[in-house]
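Asks: Handing you a structure now.
None of the figures in this text is laboratory data; all of them are computed from the coordinates on show. These figures come from a predicted structure and were not determined experimentally. Heads up, the Cβs are rebuilt from the backbone with ideal geometry, glycines too, and the neighbour counts pull from every protein chain shown.
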Amino acid sequence: MSRRGTRVATLSTTMSSNTHTAVLIRGDGIGPEVADAVVDVLKAAEAPVEWVERKAGVSALADGDAVLPESTIEAIQEHHVALKGPCGTPVGKGFTSVNVGLRKRLNLYGAVRPVRNLAGIPTRFDDVDLVIVRENTEGLYSGVENEVTPGVVTSTKVATEAACTRIARFAFRYANRKGREKITVLHKANIMKLTDGLFLRCAEAIHKDEYPNIALESLIIDAACMRIVQDPTRFDVLLCENLYGDIVSDLCAGLVGGLGVVPGANIGDDMAVFEAVHGSAPDIAGKNFANPLALLMSAVMMLNHLAETRGDKRCGDAAVRIKTAYDQALADGCKTRDIGGELGTDAFAAAVIERLNG
Ligand code: NAI
């Protein structure tokens, strides 16, 4: 365990019981760097959170554990919330994705990824404020792949009425609660008439029967991508099946400054794991270049979730303090390299901490 990892573990055993316990998975690549920065900011903001650290990914394997250890799953089941750094997945071989596995095991069926412009990060559009809601448990991520005969392989896209209805209801409920006005379903039901057709029909049914107050439109995914890059300001909530949600998340991240500034949450009925949209960024890992903001914003989402689900105003207050501080840091020009600045991961966290008290 690193110097900072030791500090995190100590923190978890010494804080008072008047706190919320959250599981911390530092992850792989840049994960430990950005997680350390976020832990530092939450501590400085006096967020009432006590961390219990668990492993997943390559770092778990390196310790002789499973890539997704049972102890990690059990800790999230016990404490109900987690903050997770990215976990790497080998391309075209090796173990299956920890991220996909975790979402499926814990039934974290709804991914929520808010994409907004931030002060101090100039981009082509000024008023981007959209939310991607991604179905997290099926589609082409079902992992059903077969070699029919050498040179012929198949991958099965799974869509069930239960999961399509569940994510549609989740998206409408979210939109309703947050005062959002329109949901756009992204699909390819002209080609995948059964799977994407079902996804679209379930959204239409929930709209008609339960949330007629929220507008619903549908767009074929390829045309939608063009429209999003032409004018993202016309979109509000994007409802996507698993693969489209994955791709569109990165596309939308590119509109507001990149993967360093887009947070996310994976939410189920009684558990939630908060993680940035980005991956383990092996190209910059260990260099103190990574932007910790996406994970910090994910931690702010976690604090707001704790405030809402447990009625603890202190969490909401800490979330506001942290958001105000990072907005101010960005407005003052404190930025990491990915968004045109020069600060390292540590220095950006320090700049946020400096601005916590006004
Ligand atoms: P990536 O998101 O790790 O990196 C893409 C590009 O964005 C790289 O140039 C990287 O340096 C940059 N980048 C990402 N996050 C950044 C940050 N916080 N600050 C500054 N720059 C940042 O995507 P890639 O390279 O496709 O995947 C790397 C690994 O991550 C793969 O093994 C993949 O499976 C895994 N992954 C894990 C995810 C998760 O844990 N939820 C999500 C996406 C990918």
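Asks: For labels at Thr160 and Arg173 in the simple 7 Å Cα→Cβ model, what's the distance in nm?
Replies: Result: 1.7 nm between the two label points.
Asks: Starting from the amide H of Leu216, placed 1.01 Å from N in the peptide plane, find each other amide H under 5 Å away whose residue is 5 or more places distant or on another chain.
Replies: Long-range HN contacts for Leu216: Ile183.
Asks: For helix 161-177, report the angle its Cα long axis makes with the longest principal axis of the Cα atoms of the chain; keep it between 0 and 90° and round to the nearest 10°.
Replies: Value to nearest ten degrees: 60.
Asks: Starting at the first residue of region 182-198, write each ³J(HN,Hα) from the Karplus equation 6.51 cos²θ - 1.76 cosθ + 1.60 with θ = phi - 60°, in whole Hz, x for Gly and Pro.
Replies: 9, 10, 10, 8, 9, 8, 9, 6, 6, 9, 8, 5, 7, 5, 5, x, 5
Asks: Apply the Karplus parameterisation 6.51 cos²θ - 1.76 cosθ + 1.60, with θ equal to phi minus 60°, to every residue of region 276-281 and state each ³J(HN,Hα) to the nearest whole Hz, in sequence, with x for glycine and proline.
Replies: Result, ordered by residue: 5, 6, 5, x, 7, 6 Hz.
Asks: Hey, another quick one. Multiplying the sequence separation of Val320 and Lys208 by 0.36 nm and subtracting their Cα-Cα distance, what value in nm do you get?
Replies: The span from Val320 to Lys208 would gain 36.7 nm if fully extended.
Asks: What distance in nm separates the two pseudo spin-label positions at Ala119 and Lys193, each 7 Å out from Cα along the beta-carbon direction?
Replies: Taking the two extended label points, one gets 5.4 nm.
Asks: What are the ³J(HN,Hα) values, in whole Hz, obtained from phi via the Karplus relation 6.51 cos²θ - 1.76 cosθ + 1.60 with θ = phi - 60°, for each residue of region 282-291 in sequence order, with x given for Gly and Pro?
Replies: x, 5, 10, 4, x, 9, 6, 9, 5, 7
Asks: Name the cysteines of the chain that stand alone by the Cβ rule: no other cysteine Cβ under 4.7 angstrom.
Replies: Singleton cysteines: Cys87, Cys225, Cys240, Cys252, Cys315, Cys334.
Asks: State, as an integer percentage, the relative contact order of the chain based on alpha-carbon contacts under 8 Å between residues 6 or more apart.
Replies: So the answer I get is 21 percent.
Asks: Report, for the chain, the % of DSSP beta bridges that are antiparallel, rounded to 5.
Replies: Within the chain, antiparallel bridges account for around 40 percent of the total.
Asks: Would you mind getting me the FRET efficiency between Asp269 and Val144? Use the beta-carbon distance for r and R0 = 25 Å, nearest 0.05. Mind dumping the intermediate values first?
Replies: Values: r = 25 Å, r/R0 = 0.99.
Efficiency at R0 = 25 Å is approximately 0.50.
Asks: Sticking with this structure for a sec: Can you tell me the length gained on complete extension of the stretch Val152 to Met226, counting 0.36 nm per residue apart and subtracting the Cα distance?
Replies: Result for the pair: 23.4 nm of gain on full extension.
Asks: OK, next. Once R0 is set to 41 Å, what does the formula 1/(1 + (r/R0)^6) return for the Cβ-Cβ distance between Ala215 and Glu342, expressed as a FRET efficiency to the nearest 0.05?
Replies: Rounded to the nearest 0.05, the efficiency is 0.40.
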